[in-house]
Amino acid sequence: MKAKNGDFARGIPQGALSARIFFFCGPDEAGASAAANRIAASLSEPGERVELAGADLRRDPALLGDEARSTSLFGGARHIWVRASGDEAHDAIQYLIETADAGAGLAAPVLVVATSATDKSRTAKLLEKRKDALVAMFHPPDLGTVAAAVRGMADAAGLRLGGDLAERIARGAGLDVRLAQSEVSKLALYCGADPQAPRPATPEDHAAIGAATEEDGFAPLINAVLGGELGKIASEIKRMRELGLNPVGVALALERRAAQLAQIAAYVGPRGSFDQIDKGAEMRLGIFFKEKRDIANQFKRWTLGMGRGSRETRLERLIPRLTVLHRNLLANSQSAELLLAHELAEIARFAAKR
């Protein structure tokens, strides 16, 4: 079966929990991960979470079936979480299905978050017509969609939010529903709210928990890196450390901007121009007035070809690199800040090339 962004914005799609294999793809990695987390939390017996990398499954397709049919250390239930790029998990999923059809036994639920993949990929085609599988593609959301999601999170946490505050939280999270959920949780804790004892929240409450906004936190750094502004990189990395910006949060902001540039490129087409985008399309593409000049500059730089005669753009090279960066930061939390600073400088140098 197939689902869309909007299906998850309203909750869990009807019949989704009858599936055993979930494939979440599309340029909005944050939305895909949030949907996967929602499914995992709704499983009747989620049990232990076992994380696998798509690269490992590509090298050893049998690994997925082995893990999905093994019991946890204490004999309880488990579910498998796969973070992949493109079709890395295709052969492993196909092997899991074939062995199930051959009588290998029931496997634990498998949730795959696949960046750089679409609902037209081989893995999606393998699963979309199966009743025991769900394929969902996620596009970068607009401000209104995320603000509505924030209000839903607040209702569930026992917070009463005004529309302006919901939009403020959505903007501050860079339209990332995971970061928005974290902000709502902190705000609910600060206000002493819970579903049985709802409390109102004000902009002053939000300011009191020290929520960094996109404009004050990530945006100058992201613009300097993707805009190839080498003269600003050292000071922006210093500012990142002084503000205590989370390295994974910075990586997510980079991924969101890269996904936005990819969405713009798809909209204008290979022969189109950024300047041809009308006001309505700008809103749909999340191009806000204050960011327009920076986004236009980054679009021109990252849609350049990799070389003479090459059809691959710089952006197509950047997106998987950011996925690898995200994984490395999660796997090396102690040295995450150093790893990030090095990668930011490398990306900026690449962006600066003409």
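The values are calculated or read from the model by the stated rules, or taken from the named source; none is laboratory data. Since the model is a prediction, treat every value here as computed from it, not as a measurement. Because the Cβ atoms are built from the backbone with ideal geometry, glycine has one as well, and the counts that use them run over all protein chains shown. Surface accessibility is based on the protein's heavy atoms, side chains included, excluding ligands, DNA and RNA. Shrake-Rupley method; radii C 1.70, N 1.55, O 1.52, S 1.80 Å.
Observations
- Residue ID - farthest from Pro61 (Cα to Cα), chosen from residues in segment 95-126 that are acidic (Asp, Glu) and open to solvent by 50 Å² or more (accessible area, probe 1.4 Å): Asp101
- Subset of segment 154-175 (residues that are surrounded by fewer than 21 Cβ atoms within 10 Å (Cβ to Cβ) and either on the phi < 0 side of the Ramachandran plot or part of a helix (DSSP H, G or I) (or both)): Asp155, Ala156, Arg160, Gly162, Gly163, Asp164, Glu167, Arg168, Arg171
- Test: residue in segment 205-219 that is surrounded by 23 or more Cβ atoms within 10 Å (Cβ to Cβ) and out of contact with any Gly (no Cβ under 9 Å at 6 or more places or on another chain): no
- When the residues of segment 23-73 are filtered to those that are assigned to a loop (DSSP other than H, G, I, E, B) and under 16 Å from Ala84 (Cβ atoms), the one that is most open to solvent (accessible area, probe 1.4 Å) is Asp60.
- Segment 32-56 residues that are within 16 Å of Arg78 (Cβ to Cβ), paired with ones that are surrounded by 16 or more Cβ atoms within 10 Å (Cβ to Cβ) and among the acidic types (Asp, Glu) (beta carbon under 8 Å, 6 or more apart): Val50/Glu67; Leu52/Glu67
- Qualifying residue in segment 142-149 (condition: farther than 22 Å from Met283 by Cα and in contact with a Gly (Cβ under 8 Å, 6 or more places away or on another chain)): no
- Hits in segment 275-324 - residues which are farther than 18 Å from Leu143 by Cα, without any contact (Cβ under 8 Å) to a residue 40 or more places away in the chain, touching a Phe, Trp or Tyr at 6+ places or on another chain (Cβ under 8 Å) and not basic (Lys, Arg): Ile277, Ala296, Phe299
- If you check Ala180, Ala92, Ala77 for being surrounded by 24 or more Cβ atoms within 10 Å (Cβ to Cβ), over 30 Å from Leu245 (Cα atoms) and either without any contact (Cβ under 8 Å) to a residue 40 or more places away in the chain or among the polar types (S, T, N, Q) (or both), only one passes: Ala92.
- Inspection of segment 127-138 identifies no residue that is more than 30 Å from Asp101 (Cα to Cα), open to solvent by less than 60 Å² (accessible area, probe 1.4 Å) and more than 18 Å from the chain's Cα centre (by Cα).
- Close contacts from segment 240-255, counting a first residue that is farther than 13 Å from Leu339 by Cα and open to solvent by 20 Å² or more (accessible area, probe 1.4 Å) and a second that is modelled with pLDDT under 85 and not in a loop (DSSP other than H, G, I, E, B), with Cβ to Cβ under 7 Å and a gap of 6+ residues or different chains, come to Glu255/Glu29.
- Restricted to segment 307-345, and to residues there that are open to solvent by 60 Å² or more (accessible area, probe 1.4 Å) and in contact with a Lys or Arg (Cβ under 9 Å, 6 or more places away or on another chain), the residue that is nearest to Pro270 (Cα to Cα) is Leu330.
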